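Asks: Let me begin by handing over the structure; questions about it come next.
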Amino acid sequence: MTRRSKLGNGRDSAVLDATSKAIIEQLQDDGRRPYAAIGKAVGLSEAAVRQRVQRLIDNGVMQIVAVTDPLEVGFARQAMIGIQVEGPVGAVADELAGMAEIDYVVVTAGSFDVMAEVVCESDEHLLEVLSTRIRTLPGVRSTETFVYLHLRKQTYSWGVR
């Protein structure tokens, strides 16, 4: 089961019981693990696991997706873009989040106000996204692009607390 609590920043956070955490850990280990196998591991029926998983998804606690290697599915360029913003950071972050090429947006502290990961079909596509879409957004003061040369680690199995 989950209930909601307030984080220090005023946002809601899900408070998970031990069984929901165990289900999440099972799915982090193998996102295709059958609900019957998860149920056996956590002491629930297959139907109960199915209901809990759906509730976790509906509450925004997790999502179940296929993670691909962009290079293997037709994208030639990945990059992280650091963005310095003048004015409201949230408005720029929201605009970036709406772009199809951007798969990750985070508001940060430090040298950049926002970091965004972009996946593009080519260097020309990356240049177009940077030049005509990101740098022209109101409030964008500057950008710095970190082109990915080789992916050494990507994991989503950090567990739960």
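Asks: Keeping to the stretch 28-56, report how many residues are surrounded by fewer than 18 Cβ atoms within 10 Å (Cβ to Cβ) and either without any contact (Cβ under 8 Å) to a residue 60 or more places away in the chain or in contact with a helix residue (DSSP H, G or I) (Cβ under 9 Å, 6 or more places away or on another chain) (or both). Spell out the reasoning first.
Replies: Here is the first cut: in the stretch 28-56, the residues surrounded by fewer than 18 Cβ atoms within 10 Å (Cβ to Cβ) are 28-34, 36-37, 40-41, 43, 45-48, 50-51, 54-55.
Right, trim to either without any contact (Cβ under 8 Å) to a residue 60 or more places away in the chain or in contact with a helix residue (DSSP H, G or I) (Cβ under 9 Å, 6 or more places away or on another chain) (or both) and you get 30-34, 36-37, 40-41, 43, 45-48, 50-51, 54-55.
Selection size over the stretch 28-56: 18.
Asks: Just wondering, is there one or more residues in the stretch 68-79 that are within 14 Å of the chain's Cα centre (by Cα) and either assigned by TED's automatic domain parsing to the domain that holds residue 29 or not in a helix (DSSP H, G or I) (or both)?
Replies: Quick first cut of the stretch 68-79, residues within 14 Å of the chain's Cα centre (by Cα) only: 68.
Then drop every residue that is not either assigned by TED's automatic domain parsing to the domain that holds residue 29 or not in a helix (DSSP H, G or I) (or both), which leaves 68.
Among the residues of the stretch 68-79, at least one is within 14 Å of the chain's Cα centre (by Cα) and either assigned by TED's automatic domain parsing to the domain that holds residue 29 or not in a helix (DSSP H, G or I) (or both), which makes the answer yes.
Asks: Select from the stretch 57-72 the residues that are within 15 Å of residue 18 (Cα to Cα) and either at pLDDT 95 or above or surrounded by fewer than 15 Cβ atoms within 10 Å (Cβ to Cβ) (or both) and list them in ascending order. Break it down into steps so the answer makes sense when it comes.
Replies: Applying the first criterion (within 15 Å of residue 18 (Cα to Cα)) to the stretch 57-72 yields 61.
Within the stretch 57-72, none qualify.
Asks: Would you mind stating whether residue 18 is of a type in the set (A, V, I, L, M), surrounded by fewer than 15 Cβ atoms within 10 Å (Cβ to Cβ) and at pLDDT 95 or above?
Replies: Working: of a type in the set (A, V, I, L, M): yes; surrounded by fewer than 15 Cβ atoms within 10 Å (Cβ to Cβ): yes; at pLDDT 95 or above: no.
Spelling it out, it is not the case that residue 18 is of a type in the set (A, V, I, L, M), surrounded by fewer than 15 Cβ atoms within 10 Å (Cβ to Cβ) and at pLDDT 95 or above.
Asks: Filter the stretch 122-161 down to the residues that are of a type in the set (A, V, I, L, M), in contact with an Asp or Glu (Cβ under 8 Å, 6 or more places away or on another chain) and loosely packed, with under 12 Cβ neighbours inside 10 Å and list them by number.
Replies: Of everything in the stretch 122-161, just one residue is of a type in the set (A, V, I, L, M), in contact with an Asp or Glu (Cβ under 8 Å, 6 or more places away or on another chain) and loosely packed, with under 12 Cβ neighbours inside 10 Å, namely 151.
Asks: Scan the stretch 109-121 residue by residue and report those that are surrounded by 13 or more Cβ atoms within 10 Å (Cβ to Cβ) and either within 16 Å of the chain's Cα centre (by Cα) or not in a strand (DSSP E or B) (or both).
Replies: Filtering the stretch 109-121 down to residues surrounded by 13 or more Cβ atoms within 10 Å (Cβ to Cβ) leaves 112-121.
Of everything in the stretch 109-121, those that are surrounded by 13 or more Cβ atoms within 10 Å (Cβ to Cβ) and either within 16 Å of the chain's Cα centre (by Cα) or not in a strand (DSSP E or B) (or both) turn out to be 112, 113, 114, 115, 116, 117, 118, 119, 121.
Asks: Considering only residues that are more than 15 Å from the chain's Cα centre (by Cα) and assigned to a strand (DSSP E or B), look in the stretch 80-108 and name the one that is nearest to residue 32 (Cα to Cα). Full working, then the answer.
Replies: So in the stretch 80-108, the residues more than 15 Å from the chain's Cα centre (by Cα) come out as 81-92, 95.
Add one more test, that the residue is assigned to a strand (DSSP E or B), and what stays is 81-85.
Values: 81: 32, 82: 34, 83: 36, 84: 39, 85: 40 Å.
So, considering only residues that are more than 15 Å from the chain's Cα centre (by Cα) and assigned to a strand (DSSP E or B), the one nearest to residue 32 (Cα to Cα) is 81.
The values are calculated or read from the model by the stated rules, or taken from the named source; none is laboratory data. Treat the numbers as computed from the prediction; the structure is a model and nothing was measured. Don't worry about glycine lacking a Cβ; one is built from the backbone with ideal geometry, like all the others, and counts go over all protein chains shown.
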